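Bear in mind that the values in this text are calculations on the coordinates, not laboratory data. These numbers were taken from a predicted model, which means no experiment stands behind them. Please note: Cβ atoms are built from the backbone with ideal geometry, for glycine as well, and neighbour counts cover all protein chains shown.
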Amino acid sequence: MVELCGNETLLLYFCKVWKEDSLLVFLFIANQSTSLLKDVTLEFEHVERLKILESHGCHFEAIEAQSIEIFQTGVEMEDLAASGVISGSIRCLFELNVHLRFSVTLAPLDFIRPMKMTTDEFGKLWLALSNEVKQNLKMAPSQGSLSTVLNILQQKLKLHVVDIIGNEGIASCRLLPSVPCLLHCRIHAGLLALWLRSPCPALLDCLLYQCQKAMEEL
């Protein structure tokens with residue numbers, strides 16, 4: 001849980017919950033004062049690269065002293081070029097007007113989930129997809145076997161490892177709610193050869209970048 005903004009009267013906290021089929025954003029509005037807060041309004045005023053699935057805000061007629069109210073909404077990503085941003089404000093009447101601004105940043109990987117499938121299902125979907133990218137990444141001797149590399153990519157990119165045969169491996173994931181991306185990789189002459197396919201070119205670019213980043217961090 002992260003504190004977004006606050007003063008002596010109000011505190012606003014944020015957390016995100018990764019569910020199998022969605023990303024949920026929770027905002028916790030804490031009344032720190034010893035008085036009742038009336039007409040508390042939380043509103044998303046600007047959304048970049050994201051789609052809010054439910055309400056863009058909420059209103060509480062009152063928040064009891066020393067208590068917390070919770071607002072939640074589902075979020076999807078519409079543009080994978082960069083992180084998505086939700087900015088907004090919270091207002092209430094408490095002797096003087098309280099007006100606090102906040103901003104939440106969500107990364108593309110927040111919206112990637114493993115996509116479980118068999119080797120046969122992978123092969124059929126692979127042939128059905130035409131958009132692709134290929135890249136050779138240098139491997140350090142310490143980066144070990146293909147199994148080790150795939151385990152790291154599985155953890156960092158939330159991939160489902162479908163199969164490993166010799167020096168070749170296949171994995172799959174999806175962009176919420178249901179856009180697939182398939183990955184084929186093999187190790188040859190100190191290089192990790194990546195081959196990705198997806199119906200979404202932006203998803204290919206995003207995951208290739210994340211693979212490069214993960215390999216650099218190994």
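Values as computed for the structure displayed
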| read-out | value |
| --- | --- |
| Difference of contour (0.36 nm per residue) and Cα-Cα distance, Glu48 to Ser145 | 31.0 nm |
| Viscosity 1.567 mPa s, 4 °C: Kirkwood-radius Stokes-Einstein D of segment 110-217 over Cα pairs, µm²/s | 95 |
| Folded to 0 to 90 degrees: helix 119-128 orientation relative to the chain principal axis, Cα | 90 |
| Cα-based reach from Lys116 at 19 Å (exclusive), listing lysines while leaving out same-chain residues under 8 positions away | Lys19, Lys124, Lys156, Lys158 |
| Eligible aspartates and glutamates near Lys38 by straight Cα distance, threshold 13 Å, same-chain separation 8 or greater | Glu61, Glu64, Glu69, Glu95 |
| From phi via Karplus (6.51, -1.76, 1.60), per-residue ³J(HN,Hα) for segment 154-159 in Hz, x at Gly/Pro | 4, 6, 7, 10, 6, 8 |
| Reach of Lys16 by Cα under 14 Å, taken over aspartates and glutamates that are not fewer than 8 positions away in the same chain | Glu3, Glu76, Asp110 |
| Thr118 versus Lys38: modelled label distance in nm, points set 7 Å from Cα along the beta carbon direction | 6.5 |
| P(r) tail fraction, segment 1-125 - alpha-carbon pairs more than 19 Å apart, % | 52 |
| Directionally averaged projected area (convex hull, Cα atoms, the chain), nm² | 13.5 |
